[in-house]
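Q: The structure follows.
The values are calculated or read from the model by the stated rules, or taken from the named source; none is laboratory data. Values in this document were obtained by computation on a predicted structure and should not be read as measured data. All Cβ positions, even for glycine, are placed from backbone atoms using ideal geometry, and neighbour counts span all protein chains on display. Quick note on the areas: whole protein, heavy atoms, side chains included, nothing else; ligands and nucleic acids left out. Shrake-Rupley method; radii C 1.70, N 1.55, O 1.52, S 1.80 Å.
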Amino acid sequence: MYAGVCGCCGALRPRYKRLVDNIFPEDPEDGLVKVNMEKLTFYALSAPEKLDRIGAYLSERLSRDVARHRYGYVCIAMEALDQLLMACHCQSINLFVESFLTMVRKLLEADKPNLQILGTNSFVKFANIEEDTPSYHRSYDFFVSRFSEMCHSSYEDPDVRTKIRMAGIRGLQGVVRKTVRDELQANIWERQHMDKIVPSLLFNLQDPTDSGSPGCEKESPAELTERCFRELLGRAAYGNIKNAIKPVLMHLDNHSLWEGKSFAVRCFKIIMYSIQSQHSHLVIQQLLGHLDANSKSSATVRAGIVEVLSEAAVIEASGSVGPTVLEVFNTLLKQLRLSVDYELTGSCDPYSNNMTTTDQERQLQEAVIKTIGSFANTLPIYQRAEVMLFIMGKIPVPGIYPALGSPIAGFEGSRMIQVMLLKSLLQVTERYESSNMLAALPSSFLEPLLSFTLMEDPEIRLLVLSILISLIDRHQNTHKFTFLSILSDISVLKLKVDKCSRQDNLFMKKHGQRLYRHIFLTCSEENSGRSHYQALYTLLALLSVELANEEVVVDLIRLALALQDLALANDERLSLYNRCAVHALSAAYLSLISQLTTVPAFCQHIQEVIELRQKEVPYLLPEDIFIENPRVPESLERVEGEVLFQQFQIAEVLGGSGYNIDILNTPFTPQITDEDRLSKRKSIGDTISLQMDMDPRYSPEREQKSPAEQITFETLKNAIVDSVNGEEQEREKRRLVVERFQTAPFEEIAAHCGAKSSLLQSKLDQIFELTIRPPPSPSGSASQGQTPTRSVPVYEMKFPDLCVY
């Protein structure tokens, strides 16, 4: 009886329910009944309006089976849903999708890992389906949160934990794919979503304990995460880059991952290689802003960010640093200044106990300088020239009060900043290649640069010489002059030499004498060492190879002979070592340039003097001086006669070969200008006193000498106050004028303007009176007895036609 009733009731059930029930076997281990599944699929395609009811009924059965722990039927229901999703692409699928997502949500909320993984797999299949019509009201917030939570799973069993994490990663990948295809879908790039997705991916990317479960997964969570992260970044449009990068920066901050550097560098390498190339500069700007925000963090954190910037700049070389090129360098130079302040004070933040050490700050400074070079190498030549001028403008120039990052730094800070910025400038110039030296070394750059060659600090002088060498060497000849020595045959160097261009000739004509003068004055510094003389030799050699015409060759020979005279002079400033070193430098350079000129008699004379020195005075050659233990004599009294290079003999042989030797016969006596004197000063106080000495009011020729005013803090303060008071008085005067013209009667204003016009007329009359002169006399001057002729205005004079143009 009951069976008949059940059969009767079953016959009355809707057809879609009967079709759904028929796909479930009696034993769930038998799996989906495929024949009945095909009937259900055909029915859904034939009557798409029933699709939402099929989905609702399947969802109802699945919820009941989950509650009863009948997991076999749960798997069958999800398989049926997947097949219906893949087969049906009609306008009614949106209602079916809602039922499907409800069932996926049920599975993801379950405690069983297998159900979570099953729900994730179904969602991933759904994410790969391209729907014909978008759904405007569908939300994926739950799935983002749940998949992110699965990415952080801490399940006890490591294999199961790995599976859950990988399921979470695939789920996030599915959410991204589903939402980025259609702008009308939920915006996955919003901050609340990115703050969950990106940290979840980075957590799995950095966890070293994750490894693929053997036999089940082909790739580890870290590998899957990297692939998902690349896909996410590759889909990011211009306006979404910031929201995608910000969580990366926050994750690295929160987990102190800047200090290790390696993971942070790896993350940003993935980012730079994954995003569209035209968006690269946005990542750079984000990093620069983050570096500014961490200005008071520890040196290791700042060094980590700078290291990432350096690596990112190398990758970004194919694109552009962006519209704010100088902003990049300004930020990095600012970090150098702050680092100098922190090094001197020993603290990053006086209001917190954030101490720092000299070693940490030095490492940061080296990282910043390296990064400046990395950025500069990505720029075209014209932009690199602008950067060089920009950095030069930031260096505290001798004679000008340095704009330091902090008044705490003082003069020692000024020196340190000079060194750091010159090192940065050297990084920029290392790969700088310009065919036009006038463009590479304009006056606005060369003059302040040369002023540093006169500083007493030997490190600064050496840096300037290195910068000049880097800019002048356009054929990579520098390494061929690494060792300062006498070369018997320069053909072994295989020098690359091009004919001197017109621009090069103009450059040497304009700046040559200044270069020679500063080379000479640099040699006269008493605290120069072996590296300085090596750099000077390299600079002289490069000038001969890169920029020398016949006139420049004669000038350089004249300079080398002047250096010999400098070493011969018994100048107390130069030690015996320095004098021997200058002799050796002059000998090595004359040996080189004699072979470059290919004048046999010139080469013969130089070679004869060198051979004689090797026998009698070897300490005047580089082989005995530029070694670890230089052989310095007790005196240089024996240095005379044939062991010296003879100016008259060199002039004779060069003149016979067609060289213009007039300049060679003129002694080289460089004059130290006022600018040079300013450069020689070590401190700003010296500069101020020098400026007062140069003022004509303090000239000793004046009969009355006014007492020199002491420049003190109060004096400077009063000067500032006076200027402020002057501005206030000027402002008040303008206000009164405006008020008079607004309120005074017309007659008063007219009278006031009339008085001014009268004053103007009287001044004009005086000027015209000055233009009236007597007419010119043929004899040149009037005799004493003659009556002076009437004065005629210039504009009434009659001039001969030949004098009129």
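Q: Can you find a residue that is under 21 Å from L118 (Cβ atoms), open to solvent by 30 Å² or more (accessible area, probe 1.4 Å) and of a type in the set (G, A, S) anywhere in segment 22-37?
A: no
Q: A further question follows. Given the residues P633, P622, which is the only one that is open to solvent by less than 20 Å² (accessible area, probe 1.4 Å) and at negative phi?
A: The unique qualifying residue is P622.
Q: May I pose another question? So Y432 fits all but one of (1) buried (at least 18 other Cβ atoms within 10 Å of the Cβ); (2) at pLDDT below 80; (3) farther than 18 Å from R362 by Cα; what number is the exception?
A: (2)
Q: Looking only at segment 299-312, count every residue that is modelled with pLDDT under 90 and open to solvent by 30 Å² or more (accessible area, probe 1.4 Å) and tell me the total.
A: 1
Q: Separate question: Could you pull out the residue among L58, L85, L81 that is more than 60 Å from the chain's Cα centre (by Cα), closer than 17 Å to S122 by Cβ and touching a residue at least 40 places away in the same chain (Cβ under 8 Å)?
A: The match here is L58.
Q: Would you confirm whether or not segment 300-312 contains a residue that is under 21 Å from P199 (Cα atoms), in contact with a Pro (Cβ under 9 Å, 6 or more places away or on another chain) and in a helix (DSSP H, G or I)?
A: No - not one qualifying residue is present in segment 300-312.
Q: Suppose we filter segment 487-523 for residues that are under 30 Å from L568 (Cβ atoms), crowded, with 19+ Cβ neighbours inside 10 Å and modelled with pLDDT under 90; how many remain?
A: Final tally of qualifying residues: 0.
Q: Among (1) touching a Cys at 6+ places or on another chain (Cβ under 6 Å); (2) crowded, with 22+ Cβ neighbours inside 10 Å, where does N549 come up short?
A: Unmet condition: (2).
Q: Just one of the numbered conditions (1) crowded, with 18+ Cβ neighbours inside 10 Å; (2) within 33 Å of the chain's Cα centre (by Cα); (3) not basic (K, R) is not true of L563; which one?
A: If we test L563 against (1) crowded, with 18+ Cβ neighbours inside 10 Å; (2) within 33 Å of the chain's Cα centre (by Cα); (3) not basic (K, R), just (2) comes out false.
Q: Specify the residue that is farthest from I164 (Cα to Cα); the eligible residues are those in segment 221-236 that are touching a residue at least 24 places away in the same chain (Cβ under 8 Å) and among the hydrophobic types (A, V, I, L, M, F, W, C).
A: A236
Q: So which pairs qualify, if the first residue must be in segment 143-171 and among the acidic types (D, E), the second must be surrounded by 15 or more Cβ atoms within 10 Å (Cβ to Cβ), the Cβ gap must be under 9 Å, and the two must be at least 6 apart or on different chains?
A: What qualifies is E149/G168; E149/K196; E149/S200; D157/P113; D159/S213.
Q: Something else: Here's a check for you: in segment 313-340, which residue that is among the small types (G, A, S), open to solvent by 10 Å² or more (accessible area, probe 1.4 Å) and assigned to a helix (DSSP H, G or I) is modelled with the lowest pLDDT?
A: Once the filter is applied, the top-ranked residue is S318.
Q: Confirm whether V639 is open to solvent by 30 Å² or more (accessible area, probe 1.4 Å), touching a residue at least 40 places away in the same chain (Cβ under 8 Å), hydrophobic (A, V, I, L, M, F, W, C) and part of a loop (DSSP other than H, G, I, E, B).
A: Spelling it out, it is not the case that V639 is open to solvent by 30 Å² or more (accessible area, probe 1.4 Å), touching a residue at least 40 places away in the same chain (Cβ under 8 Å), hydrophobic (A, V, I, L, M, F, W, C) and part of a loop (DSSP other than H, G, I, E, B).
Q: Still on this structure, please answer the following. State all residues of segment 459-486 that are surrounded by fewer than 16 Cβ atoms within 10 Å (Cβ to Cβ) and either under 27 Å from the mean Cα position of the chain (by Cα) or in a helix (DSSP H, G or I) (or both); if no residue qualifies, say none.
A: Scanning segment 459-486 gives E459, H475, Q476, H479.
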